[in-house]
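Below: one structure, written as structure tokens.
The numbers here are math on the coordinates, done by the rules we state, and not lab data. Every value quoted in this text rests on a predicted model; they were computed, and no experiment measured them. Cβ placement follows ideal geometry from the backbone for every residue including glycine, while neighbour counts extend to all protein chains displayed.
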Amino acid sequence: MHLQTWLRAVAMAGVTSAVLTVSPIRVQAQYGATYEQEPVSYSSPAVDDAVARLQKRLDAGEAILKYDDCNGYLRSVLELLEIPVSSQMLVFSKTSFQRDRISPAAPRAVYFNDSAYVGSVQQGEVIEISAVDPQKGSIFYTLDQQPAERPVFRRQTHNCLQCHDSSMSLGVPGHVVRSVWPDANGLPILSAGTFVTNHSSPLYERWGGWYVTGTHGDLRHMGNVCVPRSRDHQSPAAIDRSSGANVVDLAERCDIAPYLAPHSDIVALMVFEHQTHAQNLITRANHQTRFALRDEETMNRALGRAADERLDSTTSRIKSACEPLVAYLLFAEEVPLSATIQGTSTFAAEFAGRGPRDSRGRSLRDFDLERRMFRYPLSYVFYSDAFSALPGAAKDYIHRRLWQVLAGEDTSRKFSHLTEPVRQAVLEIVRETVPDLPDYWKR
């Protein structure tokens, strides 16, 4: 099998956060991908993300990557990117291009903050990194795990997009969190199917191939267990989810000594899968709106009209791109919780502590974890650079729709989870913590 075909099959089977090594140059459009066209030009060298900014600091001597014999550059990368160790999640399914080094006994560690992700395997050749460019989407890098005088983050394009551009990432360069049926060696049993997960996924289908630490009462998930050997090539539906429930110590499942933390925190996992899908939706809204405006300008010029004359087709395309993002930001279709969720690390406290907060001390980052994930259900990605960088036409649409829902003008069924007190609280928090809101939000 051709290498790229094989890698695509492997990564598509599980959590697709792997990156591959190619030169940081413009490549031919991936399968004719629209995002390689103007005005996005995804593979062009100019990028603006956390890793690119860190590389500039390294080049200028303003930052130094430190190497240690146990984890190479990993700890230093996390520190310089301001990614908390408490975000550590451990995935044991063989779903990275460094798959030969991954197993239930030696899982891959994944770390993240609001805009960057880092993956590391034991004795791995490279660290895998991705970061969000507000205009282009997810940008992928590797860092060699050999000590060097001048360590360099190498941008990856063509090969990474074999897996990071599909319908599961909404057709944009992004991430997909997947739950698989892993056999005893960590290989996903593809014939049994897989689940793409976000906050609308039942917990019953989440985290197959992942370790999960935390308590969750009588709720059940697929984490911490493998399909019994006798069932490897049969239907895996009878796995014992109870044996993987409410695990707070991984010592009996793998050697945690080489890792930066002993956790694979359930709250971190929930935030991770919410955030990756939200960022994909923002990237899609950005790209589709910019292409709609480009096409509108071209058509108006051909017809001799003002370049910015709004066409009905443009309005329709912007709505189609942005309405799913509006619903997701407001946690429409979020699976409700029937038991209290509690992690095993300091992740929840550290995450909530990053604010911003209103004059009453409330934040969109405050957790609920009894009935739903967050106490105030408007996603914190509303504060992100990627959201701020959306084209004006997209932001105008999203701001208007969020206002209609939160002000009670839109009481449609998909927003019925938002009670009047919750809507009012979210409105008050946003008014005090977002500086560039339209005037009608301040009424």
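One Cα centroid belongs to region 328-364, the other to region 194-219; the line between them spans 17 Å. Cα extents for the chain along the principal axes, largest to smallest and rounded to whole angstrom: 66, 50, 47. Fully extending the segment from Q146 to S359 would add 71.8 nm, taking 0.36 nm per residue of separation and subtracting the current Cα-Cα distance. Extension gain for the segment K442 to E370, taken as residue separation times 0.36 nm less the Cα-Cα distance, is 22.8 nm to one decimal. Please compute, over every Cα-Cα pair in region 63-185, the percentage with a separation greater than 21 angstrom. Considering region 63-185, 40 percent of its Cα-Cα pairs are separated by more than 21 Å. Of the peptides 309-321, 180-192, 260-272, the ranking by mean beta-carbon count within 10 Å, highest at the top, reads 260-272, 180-192, 309-321.
Each principal axis of region 278-442 carries a Cα extent, and these read 61, 32, 30 Å when sorted largest first. Go through K56/K94; K136/K414; K414/K442; K395/K442; K56/K136 and tell me which ones have a Cα-Cα distance over 23 Å in this structure. Correct reply: K56/K94; K136/K414; K414/K442. In this rough spin-label picture, where each label sits 7 Å from Cα along the Cβ direction, the V248-S338 distance is 2.4 nm. I'd like the distance between the alpha-carbon centres of region 250-278 and region 64-125, rounded to an integer number of Å. Spelled out, the Cα-based centre of one part sits 11 Å from the other. Computing FRET efficiency as 1/(1 + (r/R0)^6) for T346 and M299, where r is the C-beta to C-beta distance and R0 is 51 Å, gives about 0.40.
For region 41-105, a/c is not less than 1.5, where a ≥ b ≥ c are the root eigenvalues of the C-alpha gyration tensor, and a/b does not top b/c. That puts it in the oblate class.
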